[in-house]
Amino acid sequence: MANSRIVLNDKEAVGEWVAWQVGRSVPWSSFYAMGVETDGDLTSGLVFTNFNGSNVTVHIAAVKATRQFSTLMDYGHFYVFELCKLRRITALINGDNERALAVNSHLGFVQEGLMKQAGPNGQDVVNLVLWPENYRKGNGRKMKDNSVYTSACVEAKRDEGNKDRSKQNG
């Protein structure tokens, strides 16, 4: 039986893994990441970037969908909508990535726009949005009752704020 756990406190490792999975060569800046580790290897992850007080961009990577992936999505929902108090999540998906479009649609993302020829190979990029009420996996709000998770998220958010302030001052 596989031994899985949610990773909330190693954003650098999760961020690097997600970047590799989605083909990103430029490092993330100002981000938070969480993932699932199975038998010592990362198997899925979420990277949140471009926070602006109302919206955040998410990058989702998974080797395969598992129950832990669903739990990770619940944690992401809680983090964005309950802890950060944001209004929406944006995902930008290359139009030729049918698997990613299907997974995001299954989660509750809906198409908001299309950027013609904006992808790295000239393909269209689909602009998706997830509103809190459209989330279809679980109920991220139930995570409030998980004090261990809430504490880890609050600590991670506080650490991010401290790092951002030290960058501004240094």
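The values are calculated or read from the model by the stated rules, or taken from the named source; none is laboratory data. Only a predicted model underlies this, so the values are computations on that prediction, with no experimental measurement involved. Here Cβ is always computed from backbone atoms with ideal geometry, including for glycine, and neighbour counts include all displayed protein chains. Heads up: the accessible areas ignore ligands, DNA and RNA and are worked out on the full protein's heavy atoms, side chains in. Shrake-Rupley method; radii C 1.70, N 1.55, O 1.52, S 1.80 Å.
What the table shows:
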| item | result |
| --- | --- |
| Strands (runs of 3 or more DSSP E) contained in the stretch 21-100 and holding at least 2 residues without any contact (Cβ under 8 Å) to a residue 40 or more places away in the chain and open to solvent by 40 Å² or more (accessible area, probe 1.4 Å) | 88-94 |
| Condition met for Asn3 (open to solvent by 40 Å² or more (accessible area, probe 1.4 Å) and among the polar types (S, T, N, Q)) | yes |
| From the options Val22, Val36, residue that is touching a His at 6+ places or on another chain (Cβ under 8 Å) and among the hydrophobic types (A, V, I, L, M, F, W, C) | Val22 |
| Per-region count, the stretch 101-115, residues open to solvent by less than 50 Å² (accessible area, probe 1.4 Å) and either touching a strand residue (DSSP E or B) at 6+ places or on another chain (Cβ under 6 Å) or over 23 Å from Lys11 (Cβ atoms) (or both) | 5 |
| Selection count, the stretch 116-139, where residues are modelled with pLDDT of 95 or more and surrounded by 13 or more Cβ atoms within 10 Å (Cβ to Cβ) | 10 |
| Met34 vs. criteria at pLDDT below 90 and either hydrophobic (A, V, I, L, M, F, W, C) or touching a strand residue (DSSP E or B) at 6+ places or on another chain (Cβ under 7 Å) (or both) | no |
